[in-house]
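S.K.: After the structure tokens below, expect a handful of questions from me.
We did not get these values from a lab; they are worked out from the coordinates using the rules stated. From a predicted model like this one, the values you see are computed outputs, not experimental measurements. Note that each Cβ is placed from the backbone with ideal geometry, even for glycine, and that neighbours are counted across all protein chains shown.
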Amino acid sequence: MQASTFPRLKFILIDDTKSMELMANQISNASIVALDLEGNGRHRYPERICLIQLAVNNSIYIIDPLKKLDMSPICDLIENPLIEKVMHSVSYDVRCLKREWGIKINNLFDPAIAASFVGIKKTGLGSVIEEVLGINIDKSKKLQRSDWTIRPLSNESLLYAANDVAHLISLRMTLKKRLQDMGRYEWALEEFQRQVSATFKSSNPEIDFLAVKGSGKVDPKKIPVLRSLSKLRIKYAVFRAAPLYRILNDKTLVDLANADHSIPLNLDGLGAFAFQPLKSELLNAIRKGSKSKPFKLPQNKKRPVMKPIQKKRLELLKSWRSKIGKELNIDPSLVWHAASLERIARDAKLTKNELNSPEVRVWQVQNFQTNLAEFISENGINE
């Protein structure tokens with residue numbers, strides 16, 4: 001167990017079994033903890049959690065999961081509904097924890113969401129801490145983009161990581177009181193629960209090509225080639241522990257898939273794939289895709305083009321939403337979901353159905369249903 005000291009900040013590095021056991025004992029009675037993760041998605045494939053930062057009982061721990069530690073104490077803590085977890089902009093962490101260890105966060109407070117409900121416009125961690133607590137923390141973009149896989153980590157990197165959790169509990173105390181004073185705490189709670197309940201698709205080499213930017217522009221007959229090239233890219237990304245874009249970027253995949261495969265391809269500029277033996281493997285992937293059965297792409301249901309009267313209704317509904325947002329000093333997007341407003345604009349008779357639509361929150365219905373119904377009636381939107 002190594003304790004490191006920086007100006008006004010101390011942390012304990014957890015990188016062996018003994019220090020993990022000591023930490024587990026020290027946090028066993030915690031009722032609230034601050035958590036953050038650092039991953040290596042910018043630099044490696046597949047992405048992994050490289051650090052877990054934990055602030056609890058006036059101590060900061062930096063846990064190194066790459067040391068093959070028993071992570072069950074952390075997993076148990078994250079899933080324990082009796083312990084409140086303070087995590088900023090949690091969607092990335094939700095996805096990582098589900099992918100890495102199959103766990104779900106229970107009992108969340110997200111200061112980014114809370115900040116948006118009390119009228120704070122800039123909800124990045126540094127901005128919120130500065131506005132709410134008057135503290136300026138180092139959010140160096142260079143460190144933010146670091147390859148957190150590399151060991152040993154520099155003191156500068158560890159300080160950056162520790163800073164991410166050092167003020168979260170104080171931030172939560174202040175923001176929670178503001179939410180309660182404004183009568184908006186229940187609003188935030190519903191959003192917290194939505195965040196931790198979000199679902200994410202697992203990686204699947206057979207269909208991952210659908211996420212390639214520009215895949216919609218590929219000739220349907222050549223989709224199997226794109227799939228074959230995408231699988232090759234994933235294979236070498238795993239082999240080289242490199243991000244997908246460093247193997248072959250999306251534009252290159254699309255261009256190769258759409259190319260005329262009856263003539264020799266110009267592979268200049270493709271790095272190692274322009275030379276043997278990878279050149280042969282790339283060409284084999286293209287040939288294999290060309291001989292594959294057609295791939296039936298999932299059909300996205302296209303919405304009918306809005307009629308002029310419907311567009312006018314939508315503009316009116318958006319003006320209502322903007323007015324409410326201005327009155328409450330919150331972003332209008334928090335007042336009512338845009339997709340729901342569009343459906344109402346297309347057919348206002350379905351407004352009651354919208355109260356139960358997946359996008360609409362309980363707190364929105366409770367606070368804005370009557371106002372919305374009156375606005376629809378007064379402006380003839382339901383005619």
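S.K.: Efficiency by 1/(1 + (r/R0)^6): what FRET value for residue 338 and residue 290, r their Cβ-Cβ distance, R0 = 45 Å, to the nearest 0.05?
M.R.: That gives a FRET efficiency of 0.60.
S.K.: Ok, one more. Treating only the Cβ atoms of Lys and Arg (+1) and Asp and Glu (-1) as charged, compute the dipole magnitude of segment 208-291 about its Cα centre; round to the nearest 20 debye.
M.R.: 260 debye
S.K.: May I pose another question? In percent, what relative contact order does segment 308-378 have, based on Cα pairs under 8 Å that are 6 or more apart in sequence?
M.R.: RCO, segment 308-378: 29 percent.
S.K.: For the pair residue 374 and residue 57, how long in nm is the line joining their label points, each one 7 Å along Cα→Cβ?
M.R.: Taking the simple label geometry, residue 374 and residue 57 are separated by 5.3 nm.
S.K.: Something else about it: Give me the number: length gained by fully extending residue 249 to residue 145, i.e. 0.36 nm times residue separation minus the C-alpha to C-alpha distance, one decimal in nm.
M.R.: Contour length minus the Cα-Cα distance gives 35.5 nm.
S.K.: Neighbouring Cβ atoms within 10 Å as the yardstick, rank 306, 23, 71 fewest first.
M.R.: Fewest to most other Cβ atoms nearby, the residues stand as 306, 71, 23.
S.K.: Can you list residues whose amide H is under 5 Å from residue 84's amide H, if they're 5+ apart or on another chain and H is modeled 1.01 Å from N?
M.R.: 32, 33
S.K.: As a footprinting exposure proxy, order 275, 109 by other Cβ within 10 Å, with the fewest listed first.
M.R.: Lowest count first: 275, 109.
S.K.: Of the listed pairs 121/312; 222/251; 68/279; 68/104, which have alpha-carbon separations greater than 25 Å here?
M.R.: 121/312; 68/279
S.K.: Per Stokes-Einstein, at 25 °C and 0.890 mPa s, what whole-number D in µm² s⁻¹ belongs to segment 2-197, with the Kirkwood radius over Cα pairs as the hydrodynamic radius?
M.R.: In µm²/s, the coefficient is 144.
S.K.: Report the normalised scattering of the chain as log10 I(q)/I(0) at q = 0.06, 0.11 Å⁻¹, calculated by the Debye formula with identical scatterers on the alpha carbons.
M.R.: -0.34, -1.00
S.K.: Quick one: order 13, 317 by neighbouring beta-carbon count within 10 Å, fewest to most.
M.R.: 13, 317
S.K.: Quickly work out the residue 106-to-residue 238 label distance, labels modelled 7 Å from Cα along the C-beta direction, and quote it in nm with one decimal.
M.R.: So the label points at residue 238 and residue 106 sit 3.3 nm apart.
S.K.: Per the Kirkwood formula on distinct C-alpha pairs, the Rh of segment 308-378 is how many angstrom?
M.R.: Answer for segment 308-378: a Kirkwood hydrodynamic radius of 12.0 Å.
S.K.: Could the peptides 226-237, 248-259 be put in order, highest first, of the mean number of other beta-carbon atoms found within 10 Å of their residues?
M.R.: 226-237, 248-259
S.K.: Please state the relative contact order of the chain as a whole percent: Cα pairs under 8 Å, 6+ residues apart?
M.R.: It rounds to 14 percent for the chain.
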